[in-house]
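**Student:** Before anything else, here's the structure in question.
The values are calculated or read from the model by the stated rules, or taken from the named source; none is laboratory data. Being a predicted model, the structure only gives us computed values, none of them experimental. No Cβ is skipped: glycine too gets one built from the backbone with ideal geometry, and neighbour counts run over all protein chains shown. To get the accessible areas, we keep the full protein, side chains included, count just its heavy atoms, and leave off ligands, DNA and RNA. Shrake-Rupley method; radii C 1.70, N 1.55, O 1.52, S 1.80 Å.
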Amino acid sequence: WAYSYGTVTGTTFAAMYLERVKRLIVDGICDPNAMYSGLWATSIQDTDKIITRFFDDCYKAGPNECPLYAEKGPASIQAILESTLESLNKTPLAVSGALGHGPEVITFSDVMRLVKEAVYSPIDLFPVLADLVADVSSGN
């Protein structure tokens with residue numbers, strides 16, 4: 001998952017004003033032609049690979065490290081996520097308040113937003129995604 005309009009803006013500025021830029025550090029790769037034309041397909045081409053890695057890593061981590069672990073393997077973990085999303089799409093989940101937070105309603109869109117963010121930042125958010133989906137899938 002790689003999109004960074006800042007990268008395109010910075011490299012475009014550097015190309016336009018060579019005399020003003022001595023060095024440029026680019027921390028993300030983006031296809032400027034795709035961005036300028038409005039086609040971002042190249043920016044998300046590895047998304048499926050990243051989410052597949054979530055299922056694989058959860059399985060490899062085992063039941064003590066991944067609350068979404070399933071003995072039958074990564075495909076079973078994927079099935080749990082998909083069935084949880086399908087269930088939330090039909091019926092959002094009401095959650096009582098805890099730890100100073102009021103009651104919430106968890107929706108399909110909430111979980112999909114977390115999936116999107118987790119794909120962009122997997123090291124930080126894959127554990128959060130696993131915890132949330134495990135809790136929601138079990139009705140917690």
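**Student:** What is the angle, in °, between the Cα long axis of helix 74-90 and the longest principal axis of the Cα atoms in the chain? Nearest 10 is fine, range 0 to 90.
**Tutor:** With both axes taken from Cα atoms, the answer is about 80 degrees.
**Student:** So what is the relative contact order of the chain, in percent, for Cα pairs below 8 Å that sit 6 or more residues apart? Intermediate values should be presented prior to the final figure.
**Tutor:** Working: 137 pairs, mean separation 27.5, N = 140.
Value for the chain: 20 percent.
**Student:** Report, in debye and to the nearest 20, how large the dipole of the stretch 34-78 comes out about its Cα centre when Lys and Arg carry +1 and Asp and Glu carry -1 on their Cβ.
**Tutor:** Using Cβ point charges on Lys, Arg, Asp and Glu, the stretch 34-78 gives about 60 debye.
**Student:** Which one of Lys22, Lys72, Lys90 has the biggest mean-square fluctuation once the chain is modelled by GNM with Cα springs under 10 Å?
**Tutor:** Looking only at Lys22, Lys72, Lys90, the largest GNM fluctuation is found for Lys22.
**Student:** Follow-up question, since we're still on this one. What is the angle, in °, between the Cα long axis of helix 122-137 and the longest principal axis of the Cα atoms in the chain? Nearest 10 is fine, range 0 to 90.
**Tutor:** With rounding to tens, the tilt is 30 degrees.
**Student:** Which residue, Pro67, Phe55, Leu39, has the largest displacement toward the positive end of the dipole of the chain when charges sit on each Cβ (Lys, Arg +1; Asp, Glu -1)?
**Tutor:** It is Leu39, whose Cα lies furthest towards the positive end.
**Student:** To the nearest 10 Å², what's Thr84's accessible area with a 1.4 Å probe?
**Tutor:** About 10 Å², ignoring ligands and nucleic acids.
**Student:** Accessible area per residue of the chain at 1.4 Å probe, in Å²?
**Tutor:** On a per-residue basis, 69 Å².
**Student:** Out of Asp110, Asp46, Asp27, any idea which swings most in a Gaussian network model of the chain, alpha carbons joined below 10 Å?
**Tutor:** Answer for the Gaussian network model of the chain: Asp27.
**Student:** With axes computed from alpha carbons, what is the tilt in degrees of helix 5-16 against the longest principal axis of the chain, rounded to the nearest 10 within 0 to 90?
**Tutor:** So the inclination is approximately 0 degrees.
**Student:** Can you pull the percent of the chain's accessible area that's carbon plus sulfur, 1.4 Å probe, other chains left in place?
**Tutor:** Summing carbon and sulfur atoms, their accessible area is 56 percent of the total for the chain.
**Student:** Classify the chain as rounded, prolate or oblate, taking a ≥ b ≥ c as the square roots of the eigenvalues of its Cα gyration tensor: rounded when a/c is under 1.5, otherwise prolate if a/b is larger than b/c and oblate if not.
**Tutor:** Here the chain falls in the prolate category.
**Student:** Assign one of three labels to the stretch 57-132, namely rounded, prolate or oblate, based on the Cα gyration tensor with a ≥ b ≥ c the square roots of its eigenvalues; rounded applies when a/c is under 1.5, prolate when it is not and a/b is larger than b/c, and oblate otherwise.
**Tutor:** Details: a/c = 1.70, a/b = 1.47, b/c = 1.16.
Prolate is the answer for the stretch 57-132, as a/c is 1.5 or above and a/b outweighs b/c.
**Student:** Still on this structure, please answer the following. Under a GNM of the chain (C-alpha, springs under 10 Å), which listed residue has the highest mean-square fluctuation: Glu65, Glu82, Glu104?
**Tutor:** Answer for the Gaussian network model of the chain: Glu104.
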